[in-house]
Amino acid sequence: MAQKKTILYVQTSDNPERQYSPLVLAQTARAMDIDAQVYYLGQALRILLPGSAEKIKLGTFPSILEMINKTLEMGIPIYVCEASKQMLGWEKVQLLPGLKIVGAGTLNDLVLEADGTQWF
């Protein structure tokens, strides 16, 4: 039996136009029976502050908060880089619920384990 494929989507930007792609693709991968994971680092963490994601809604798409919540509801993990939180001076900042705060080494492990990665 073939092993299930995994795709890792890495979000590095807080640009509103770049927020949809990793979430749409992760949800699509899951619908195709491909394991998906999303990892936020650097400036992308700004989108994960309470009050930020719900303000981003482009075209006919749902808000980014709705997209994040749907991604989590589909069982797709969303990881957040702890080192990026520290870089931004956010040691005590709360982010959206349901996200997994992980060490920087986790990104290396996820990349090595994934069958493919896409960076945004």
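Laboratory data are not the source of any read-out in this text; all were calculated from the coordinates shown. Please read these numbers as outputs of a predicted model, since none were measured by experiment. Ideal geometry is used to build each Cβ from the backbone, glycine not excepted, and the neighbour counts take in all protein chains shown.
Taking 0.36 nm per residue of separation and subtracting the Cα-Cα distance, what length does fully extending T28 through R46 add?
Gain on stretching T28 to R46: 4.0 nm.
Stretch D109-E66 to full length: gain in nm at 0.36 nm per residue minus the Cα-Cα span?
Between D109 and E66, full extension yields 12.7 nm more.
What label, among [x] 14, 48, 32, 6, 1; [y] 12, 39, 35, 13, 1; [z] 13, 52, 33, 2, belongs to P(r) over Cα pairs in 10 Å bins from 0, in percent computed from the structure on display?
Correct label is [x].
Along the Cα→Cβ direction, 7 angstrom out, place labels at E54 and Q118. What is the inter-label distance in nm?
2.8 nm
K4 to Q94: extension gain in nm, 0.36 nm per residue of separation minus the Cα-Cα distance?
Extra length available between K4 and Q94 comes to 29.0 nm.
Can you list the lysines whose alpha carbon sits under 23 Å from that of K55, skipping same-chain ones fewer than 8 residues off?
List returned: K70, K85, K92, K100.
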